[in-house]
Structure formats: structure tokens, C-alpha cells
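J.: For reference, the structure I am asking about is given below.
The values are calculated or read from the model by the stated rules, or taken from the named source; none is laboratory data. Here the structure is a predicted model, which is why all the values come from computation and not from measurement. Virtual Cβ from ideal backbone geometry, glycine too; neighbours counted across all protein chains shown.
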Amino acid sequence: MLPQRQTFFVLGLSRSGCAAARFLLRNRATVYVYDDLDEGVVGQNRRALVEMGAKEVKKEDLATMATICDALVLSPGIPIDHPIAVSFRRSGKGVIGETELAARYITAPSVAVTGTNGKTTTVSMINEIINASGRKSYACGNIGTPLISALEQEPPHFVVAEISSFQLETLNSFCPHVAVVLNITQDHLNRHYNMENYLFLKAKLLKNLTETEYAVLNYDDERISGFAEKTKARVVYFSMRAKIDGAYFDGADLCYGEEKILPADEMLIGGGHNIQNALAAICVGKLLGIDNQDIARTLKNFKGARHRLEEVGVVDGVRYVDDSKGTNADATVKAIRCMKSNTVLLLGGKDKGQDYDDVFVEVAKSNVVHTILYGENRFRLINCAEKNDWKNVTLCTGFDCAVQFARLLAKEGETVLLSPASASFDEFTDYEERGKRFVEIVNGFAKEREGREKDEKAEIALIVQDAGADREEG
């Protein structure tokens with residue numbers, strides 16, 4: 001049933017909240033909106049929604065929303081224990097997210113991917129594999145395009161959704177045709193409090209699966225493989241360590257059952273973590289009946305996700321790599337392992353309650369020669385560096401300053417790696433904005449270099465011209 005004649009309060013007006021409000025307004029629901037930010041994209045979204053017919057809520061009226069509205073639509077960036085969410089639950093009103101709202105209306109078969117790291121890469125791989133088979137797929141969810149926006153597109157054959165733990169807090173009715181759980185390491189403990197809660201949320205993705213759906217699980221992680229006992233779905237595993245009746249890596253090739261899909265060294269993107277992501281994508285491709293050739297061709301040509309170990313450019317002989325999506329310690333450890341040259345590492349941002357010991361243990365045995373610590377959690381990071389006897393540290397306040405210092409410290413032939421092991425919310429709206437800012441600064445370095453070269457050429461030309469004039473006079 002479409003939401004006309006119902007009243008909703010949308011709390012949080014970034015991409016997800018704005019998309020939910022638009023959908024509700026277009027379906028003739030009454031919509032109240034609020035966000036405590038009043039500038040930038042959020043301010044623009046609020047004004048656009050009000051023009052569409054949304055009712056703007058003042059801060060002093062927030063306490064009345066639970067009595068006025070039928071349900072709260074909570075943006076994923078706002079925790080489930082927020083006072084407004086608590087007041088709605090106490091009033092017996094629904095508390096949902098944009099993803100839950102979308103799940104109630106999407107009819108296309110869906111593939112959903114969760115895990116701590118590799119979600120965006122795996123979703124992108126699966127989406128490209130499906131499209132390569134001649135069927136239309138739409139990648140959405142936490143990857144950057146709200147799931148509910150799929151309802152505004154020409155109906156695709158499949159929806160491939162990245163699902164975060166934040167979204168899972170308010171997700172109850174979603175039943176994907178294939179659910180994938182990649183890995184689980186420490187992340188978002190400032191919000192979920194402990195690993196037990198975090199594991200519970202990841203397992204929620206499998207809650208509604210029946211015998212006609214599939215769960216693709218990481219065989220190498222006992223916690224994830226144990227999810228098989230909690231689902232009615234048919235389980236398919238992937239593994240980096242063992243030959244299994246699913247997708248596995250035999251040390252040279254990516255295989256499925258007795259079939260070799262492609263050699264690992266033919267993939268454009270390297271690292272064991274990307275082989276693992278590809279194995280999960282192979283499972284999905286095979287379950288959807290896609291030919292091995294289409295799967296292999298896609299994985300061979302796959303260039304990676306934005307802001308995930310993405311090369312920005314080379315300036316003054318220094319290579320700059322954007323791994324802004326490395327928002328936790330495990331992601332940064334994997335990024336460090338991919339560095340083949342001496343590396344200056346940028347770490348910092350907003351703390352998520354995790355332990356950074358693994359980062360500095362890895363730094364000490366890697367090609368990292370210096371770390372630049374910045375942002376809100378810089379003092380936690382420097383304490384952790386000292387605890388692990390890592391002394392090659394520069395401390396900065398803000399992001400821009402940190403990138404400038406990296407330029408000064410990096411020598412020709414070295415790499416500057418942005419892999420923050422932290423959220424971006426101390427200075428940016430999300431990791432994408434942080435990554436784009438990194439690219440802007442590096443492009444600025446390149447323009448400065450071009451300007452210097454032009455000046456040098458002009459100076460040389462002037463000297464040559466003067467020398468020619470002297471000869472003529474002589």
C-alpha cells in the first residue's frame with residue numbers, strides 16, 4: 001500500500017533522508033522535515049522539499065512530532081537511541097529508515113551486500129557482472145545512491161544494494177534474493193557499543209530469507225560461517241584458504257567448484273582483499289546463472305571503486321593514492337599492504353571507538369616511512385603510535401595542512417597514501433567529500449608544478465632570445 005493519507009516525520013536531510021521525503025511527497029503523504037544543519041547541501045535539500053510541499057519543523061516543536069506523525073523516517077547517520085526515535089517508539093509509532101521504506105515497495109529481485117570492508121567494491125563488481133550479461137542492474141544503497149531511488153528508474157532486472165550497519169538498525173522487512181556477508185572487524189563501536197551488537201546487526205540481513213533465497217558467506221570467518229545456522233536460505237561459501245563447494249582461491253586462480261574462472265594476476269586491482277571481494281561476486285554471478293566468460297571478462301577489466309586505493313596522479317615524482325573509503329583500522333591495514341614503495345601515510349578524522357594498534361603494528365613492518373596524524377582523533381592516534389614504538393610522526397590539526405605536510409615530506413619515487421582509518425565527520429559530510437578534497441589539493445600541486453615549468457620555459461626562452469640579440473649585435 002502506498003503511503004498516501006499517512007503522516008511522516010523525516011529526521012535528517014542528507015541524501016538518504018531527502019530521497020525518502022521526495023518519495024513520500026510524490027506519493028501524496030504528509031511529510032514533516034527537520035535537520036539541525038542549515039547550510040550547504042542539507043539547506044538546499046530542505047528548501048527543495050518545502051517547495052514540494054513538505055512542512056518544516058522548528059527545533060522547539062520536535063517534542064510534538066511523535067504525537068502528530070504516524071512514523072519516523074530516521075536517516076542512517078542518526079542512531080536508533082536518539083531521543084526523537086525513543087519518543088516515537090514509546091508512543092507506539094514506527095521508526096524506519098529510507099532503506100526500510102524502499103524495501104516495502106521495490107519489486108525487482110535484489111542482491112544485498114554487507115560487511116565491514118569491501119562492500120562498495122563488491123557491489124560494483126556484481127553490478128558490472130550483471131550488466132555484462134545483458135541484464136539491467138542498478139547499484140544503490142550505502143554506495144552513494146539511496147535504495148529508494150531505484151523506484152524512480154525504469155524497472156531494472158536486478159537491484160544490487162550496499163547495506164551498512166547503520167541502515168540495518170532500522171531495516172526489518174527487507175528480503176533480498178541473494179544476501180552477502182563479506183567480513184567483520186572492529187568498526188562503529190562508538191555507535192554500536194560492542195562487537196556483539198555489531199555482529200547482531202550484520203546477521204539481520206539474513207533474517208527474512210527463506211528456502212528460495214541464498215546466503216553467500218565468508219567461510220574463513222567462523223563468526224560469519226556460523227550465520228548459516230541462523231538462516232533458512234541456501235548457503236554458498238567463498239574462501240581464500242580452502243577448496244570448497246563454492247568460490248575459492250587456489251593460490252593462482254579464482255575458482256567455483258571444479259571450474260577455473262580466471263587467474264588472479266589478470267585482475268587489474270591487486271591485493272588479497274580484492275580477490276576475496278571477487279570470490280563473493282563470482283558466487284552471486286553463478287547463482288544468477290551468468291556465464292563464466294561474462295564474469296571473468298568483468299573482473300579482468302574492473303578498475304575498482306571510487307576513493308578505494310584510487311591513484312590520483314604523480315606530482316614531482318611522488319605518487320598520490322586516495323583511499324578515503326578506508327574508514328577503519330582493518331581497511332587501512334589492507335591498504336598499507338598494497339604499497340610497494342616508501343609511503344607517507346595520512347591518518348585521522350573522527351574517532352569510531354576502535355583500536356588502532358593493528359595499524360601501527362602493520363606500519364612498523366611495511367613500506368610506510370612516515371605517518372601524518374590529523375583531525376579530531378589525532379591525540380588518540382599519537383598515543384597509539386607511542387605505545388607501539390612508532391616515532392616517525394607529524395601532528396597536524398586539519399586535513400588540508402596534513403596533505404601539504406605530506407607533500408613536503410615525500411621524496412621522488414615515494415607514495416602519499418590517504419587511508420585515514422577514521423570517519424570523516426569532523427571536517428566533511430562523508431568519505432567522498434574528503435576524497436574529493438584530497439584530489440583537489442593534489443590537482444592544485446600539479447597546477448603549481450605546471451606553472452613553475454611554464455615560468456622556467458619562459459625564462460629560458462627569454463635568455464635564448466637575449467643571447468641571439470647579443471650575437472646579432474656582435
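J.: Does any residue of the stretch 440-453 turn out to be at pLDDT below 70 and under 25 Å from Arg319 (Cβ atoms)?
T.: Yes, some residue in the stretch 440-453 is at pLDDT below 70 and under 25 Å from Arg319 (Cβ atoms).
J.: Considering every residue within the stretch 29-40, establish whether at least one is assigned to a helix (DSSP H, G or I), farther than 25 Å from Tyr105 by Cβ, of a type outside the set (Val, Ile, Thr) and without any contact (Cβ under 8 Å) to a residue 12 or more places away in the chain.
T.: Looking for residues that are assigned to a helix (DSSP H, G or I), farther than 25 Å from Tyr105 by Cβ, of a type outside the set (Val, Ile, Thr) and without any contact (Cβ under 8 Å) to a residue 12 or more places away in the chain, one finds none in the stretch 29-40, hence no.
J.: Give the residue, chosen from Glu433, Glu427, Glu412, that is over 19 Å from the mean Cα position of the chain (by Cα), among the charged types (D, E, K, R) and not assigned by TED's automatic domain parsing to the domain that holds Arg15.
T.: Unique residue meeting the criteria: Glu412.
J.: Scan (1) among the aliphatic types (A, V, I, L, M); (2) in a strand (DSSP E or B); (3) surrounded by fewer than 24 Cβ atoms within 10 Å (Cβ to Cβ) for the single condition Val111 breaks and write down its number.
T.: Only one criterion in (1) among the aliphatic types (A, V, I, L, M); (2) in a strand (DSSP E or B); (3) surrounded by fewer than 24 Cβ atoms within 10 Å (Cβ to Cβ) is unmet by Val111, namely (3).
J.: Okay, moving on. Just to be sure I understand the filter: pairs with C-beta atoms under 8 Å, separated by 6 or more residues or on different chains, first member in the stretch 1-13 and polar (S, T, N, Q), second member at pLDDT 70 or above and in a loop (DSSP other than H, G, I, E, B). Which pairs pass?
T.: Listed by first residue and then by second, the contacts come to Gln4/Asn27; Gln4/Arg28; Gln4/Ala29; Gln6/Ala29; Gln6/Asp70; Thr7/Ala29; Thr7/Cys69; Thr7/Asp70.
Condition check ((1) assigned by TED's automatic domain parsing to the domain that holds Thr343; (2) in contact with a Leu (Cβ under 7 Å, 6 or more places away or on another chain)) across all residues:
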site: Leu217; (1), (2): no, no
site: Thr231; (1), (2): no, yes
site: Val236; (1), (2): no, yes
site: Ala278; (1), (2): no, yes
site: Cys283; (1), (2): no, no
site: Val314; (1), (2): yes, no
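J.: Within the stretch 85-103, is there a residue that is hydrophobic (A, V, I, L, M, F, W, C), surrounded by 24 or more Cβ atoms within 10 Å (Cβ to Cβ) and under 30 Å from Gly270 (Cβ atoms)?
T.: No: zero hits.
J.: If you take the residues in the stretch 158-202 that are among the aliphatic types (A, V, I, L, M) and surrounded by fewer than 19 Cβ atoms within 10 Å (Cβ to Cβ), which one is modelled with the highest pLDDT? Even if it seems obvious, please write down each step before you answer.
T.: First, the residues of the stretch 158-202 that are among the aliphatic types (A, V, I, L, M): 159-161, 163, 168, 171, 178-182, 184, 189, 195, 199, 201.
Of the ones still in play, those that are also surrounded by fewer than 19 Cβ atoms within 10 Å (Cβ to Cβ) are 189, 195, 199.
Numbers: Leu189: 71, Met195: 85, Leu199: 92.
Across the stretch 158-202, the extreme among qualifying residues is Leu199.
J.: Tell me which residues, restricted to the stretch 141-169, are within 14 Å of the chain's Cα centre (by Cα) and hydrophobic (A, V, I, L, M, F, W, C).
T.: Ile143, Ala161, Ile163, Phe166
J.: Any residue at all in the stretch 300-320 that is of a type in the set (S, T, N, Q) and either in contact with a strand residue (DSSP E or B) (Cβ under 9 Å, 6 or more places away or on another chain) or under 28 Å from Ile130 (Cα atoms) (or both)?
T.: yes
J.: Restricting the stretch 134-148 to residues that are of a type in the set (Gly, Ala, Ser) and surrounded by 19 or more Cβ atoms within 10 Å (Cβ to Cβ), which is farthest from Phe174 (Cα to Cα)?
T.: Ser137
J.: Here's something else I'd like to know. If you go through the stretch 178-192 one residue at a time, how many are farther than 25 Å from Val236 by Cα and touching a residue at least 40 places away in the same chain (Cβ under 8 Å)?
T.: The qualifying residues number 5.
J.: Are there helices (runs of 4 or more DSSP H) fully within the stretch 56-108 with at least 2 residues that are within 30 Å of Asp426 (Cβ to Cβ) and modelled with pLDDT of 95 or more? List them.
T.: 83-90, 98-103
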